[in-house]
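**Q** Before anything else, here's the structure in question.
Here, each number is a calculation from the coordinates, and none is a lab measurement. Everything numeric in this text was worked out from a predicted model, so none of it was measured. Please note: Cβ atoms are built from the backbone with ideal geometry, for glycine as well, and neighbour counts cover all protein chains shown.
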Amino acid sequence: MNSQPQASSLMPSANTAPREDLFLANGRLVLPDQVMLGAIRIVDGMIVEITEGDGVPNGAVDCQGDFILPGLVELHTDNVERHIEPRPGVDWPHLSALLAHDAELASTGITTVFDAMRVGSIHTGKAGYSDYARKLADEMLDARGKGMFKISHFLHLRAEICSETLLDEFAMFGPQDRVGIVSLMDHTPGQRQFRSLDALKTYVAKKRGMNDAEFEQHVAYLLSLQAQFGQRHEAGAVTEARRLGAVLASHDDTTAQHVETSARHGIGFAEFPTTLEAAQACRAHGIAVMMGAPNLIRGGSHSGNVAAETLAQEGLLDIVSSDYVPSALLLSAFRLAAIWQDVPRAIATVTENPAKAANLGDRGRLSEGLRGDVVRVTEAAGVPLLRGVWSQGRQVA
Ligand SMILES: [Fe+2]
């Protein structure tokens, strides 16, 4: 059971309150290879002891057979953006938004999050959007440094390849920012996530209120941006990820050729491949596949792409991300446990596998020597019912 954490290259979040020891007993501990009735003791933020049996020693909490899981690890969530801009055009005070986002994630069992922020903006044309990542990253890092967060936060820069300002925005980041993940995104219409123009039209029309003629102009404009910037920015983003020391992720790969290109770039994991073909190619290249929890829960993708459940049944699903619904992460792990009839395998998709993909060797498993990030949960009326969430042994929900 002894396992030393690898030194993480990422800076942990600083919490300043004193840590209390935590002793959870008579719980169903979800270990990497089995579910074991037992107890777990956390001292000074670290797991120090895991023992088998249903005893409840003095000073321990009786978990009454509830599941005890490692804290969930979320690699790609838009949730922070939702809090920053709660309605189109509304810029909510950022610190308040960050804290609400942090508390929301804690309340769903997530103890480590990579906050996705977009780099690459479009300043011209009707459907432009402006840059915010550097400023928001500063605010997030400042709050983290002051120990304001309940859970552990890292940076995920999602690079919009077909934008005007990608490389300028990257240049504002350096290795000192400890960017954890850079994902390569190309949302040009007619390809990848938006192969179906109808699905894009529904999405854009709702979000931006465009009529048919405006939508056509919008599509033509985005195609021209791809022609102008696509290749140079893709190569530039790969170079920048290396300079920043970040794990590189692909996004919305659709064909085996896309995956081959991603493999050449040295990507660590694939976000939301849109077809069975792409997921199979990932497997052939040894690239971990991440899918969205909402897709799994809804029984399909909102953009009409491959269903996460299909990939799960084909054995091609390694990591789940909450994407745009934080509470979907734990829910999807329970759903996978039912599909696979294998609790440890399902829980690994939201704990050990994402931690590994992001090079975090100090968490993701219930194992002596790792961080004391744990979740107590039972199931009621078909949904996970959280009874407690601890980050480094400190209760956060
Ligand atoms: Fe996408």
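**Q** Per residue of the range 365-376, in order, report the coupling 6.51 cos²θ - 1.76 cosθ + 1.60 (Karplus, θ = phi - 60°) as ³J(HN,Hα) in whole Hz, putting x for Gly and Pro.
**A** Karplus-based 3J(HN,Hα) across the range 365-376 equals 9, 7, 7, 4, x, 8, 4, x, 9, 9, 10, 9 Hz.
**Q** From the phi angles alone, apply the Karplus equation (6.51, -1.76, 1.60; θ = phi - 60°) to the range 223-239 and give each ³J(HN,Hα) in whole Hz, x where the residue is Gly or Pro.
**A** Whole-Hz 3J(HN,Hα) from phi for the range 223-239: 5, 5, 5, 4, 4, 6, 10, x, 5, 5, 6, 5, 5, x, 5, 5, 5.
**Q** How high is the relative contact order of the chain, in percent, with contacts defined as C-alpha pairs under 8 Å that are six or more residues apart?
**A** Reported as a whole number, the value is 23 percent.
**Q** Can you run phi through the Karplus equation (6.51, -1.76, 1.60; θ = phi - 60°) for the range 207-217 and list ³J(HN,Hα) in whole Hz, with x for Gly and Pro?
**A** In residue order, the calculated couplings are 6, 10, x, 9, 8, 4, 5, 5, 5, 4, 4 Hz.
**Q** Same structure, new question: What is the distance, in nm, between label points placed 7 Å from the Cα along the Cα-to-Cβ direction at Trp92 and at Arg208?
**A** Inter-label distance under the simple model: 2.4 nm.
**Q** Then there's this: Tell me the Kirkwood radius of the chain: reciprocal of the mean inverse pair distance over distinct alpha-carbon atoms, in Å. Before the final figure, lay out each step's value.
**A** On the way: mean 1/r = 0.0463 Å⁻¹.
This gives a value of 21.6 Å.
**Q** Additional query: What is the sum of charges around Asp252, taking Lys and Arg as +1, Asp and Glu as -1, for the other residues whose C-beta is under 9 Å from the C-beta of Asp252?
**A** Local charge sum for Asp252: -2.
**Q** Follow-up. Can you give me the long-range amide H partners of Leu29? Hydrogens built in the peptide plane at 1.01 Å from N, cutoff under 5 Å, separation of 5 or more residues or another chain.
**A** Sorted by chain and number, the residues that satisfy this are Met36, Leu37, Gly38, Ile68.
**Q** As a test, work out the antiparallel percent of DSSP beta bridges whose residues both lie in the chain, rounded to the nearest 5.
**A** Bridges in the chain are about 45 percent antiparallel.
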